[in-house]
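For reference, the structure discussed in these notes is given below.
Each value in this text was obtained by applying a stated rule to the coordinates, not by laboratory testing. Please read these numbers as outputs of a predicted model, since none were measured by experiment. All Cβ positions, glycine included, derive from the backbone under ideal geometry; neighbour counts span all protein chains shown.
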Amino acid sequence: MIATAGLVDFHCHLDLYPDHAAAVQDAEASGVFTLAVTTTPRAWPRNHELAQRTKHVRAALGLHPQLVAERESEIELWDRHLAETRYVGEVGLDAGPRFFRSLDAQKRVFQHVLEGCARAGDKIITVHSIRSAKAVLDLVEMNLPPDRGKIVLHWFTGTKREAERALELGCYFSINAGMLGNDRHAPMVQAIPLDRMLTETDGPFTRTGDRPSQPSDVASVVEELGRLRRLPARDVANLVRDNLRTLLG
Ligand SMILES: [Zn+2]
C-alpha cells in the first residue's frame, strides 16, 4: 500500500463518524488532503472550527439534495455562511426513487447555490448527481460560467456522453472505490482524462473491508485507478495532487 501523505480525499463526511473530532484528527495525521463536506449549513460552524485547526482538512458548506424536502428553508443559512468558505458541498440533485418527489425543490436550491457561487466567484463545488446528470449539467451550464467557479462531480454515474459534456463544461471528477468496482461505470471512468481526475472516499458511505472508509483508505482508490489506467499508483497519486493544485489555482 502506498503512503497516505499527499493523497487527496475530495469528498468525505467527517461529521457523520461516531467521533467527529477524532475523525478530523485521523485525517490530519494521515496527511491526506480531506474535503469535509456537510449535508446542512447547520453543520458548517463546527466543521469549519475543527478544520481550521488542521493543515490538511478543509470544510465545505453544503445542503444535500436528499435533505432538501425537509430543509429547503436552510438555504438562507447557507447564504449567510458562503463568504466564510471557498468550498461548497455537498450540493446537487438526486432523482433516485426515494428523493424524486422533491426534485423541483432540489432544482430551486441547486440553482440558487450556483447563482450564489457565480456572484461570489472562485468557489469549488462538490456535486451529487444521482440519476440526474443531464439536469445537473444543464443547471451548471446556465448558472455558473466557467470563469466564476469550478465543479467537481462526486461519484458521477452518468453515461460516457454525459461525462464528455461535463468535461466540455470544465468539470472535474472525484472517483471512489464504489465507481471502480462497478462494471457499468468503470468504462466511463476509463474515459476521463487524467488531468481532470481527483479521488474521494465518500466515507462513511463506502466501505473498506468490513468497516466504513476513512480518508486514508483513499490509498486503495489510487491503487485501483492505477490498475485501471495501467500506471504505477505513485504516478496516479502525483497526478491527482497536481490536479488539486491546478484546481486550487
Ligand atoms: Zn457524500
Checked region 137-249 against the a/c 1.5 cut and the a/b vs b/c comparison, axes a ≥ b ≥ c from its Cα gyration tensor; verdict prolate
In units of 2.2 N^0.38 Å, the Cα radius of gyration of the chain is 0.93
Check: C-alpha center region 1-56 vs C-alpha center region 185-249, spacing in Å is 17
For region 85-166, the Cα gyration tensor yields equivalent-ellipsoid semi-axes (√(5λ), largest first, whole Å) of 20, 15, 11
Treating only Lys and Arg (+1) and Asp and Glu (-1) as charged, each at its beta carbon, one finds that the chain has a dipole about its Cα centre, in Debye to the nearest 20, of 340
Classified through the alpha carbon gyration tensor (a ≥ b ≥ c as square roots of its eigenvalues; rounded if a/c is under 1.5, else prolate when a/b is larger than b/c, else oblate), region 22-153 comes out prolate
Note to self, the chain gives a 222 nm [θ] from helices alone (DSSP H runs n ≥ 4, -39500 (n - 2.57) apiece, / all residues, nearest 500) of -12500 deg cm²/dmol
Quick shape check on region 159-200: root eigenvalues a ≥ b ≥ c of the Cα gyration tensor, a/c under 1.5 is rounded, otherwise prolate if a/b tops b/c, else oblate, and it reads oblate
Residue span GLN190 to ARG234: 0.36 nm per residue of separation minus Cα-Cα distance leaves a gain in nm of 14.0 nm
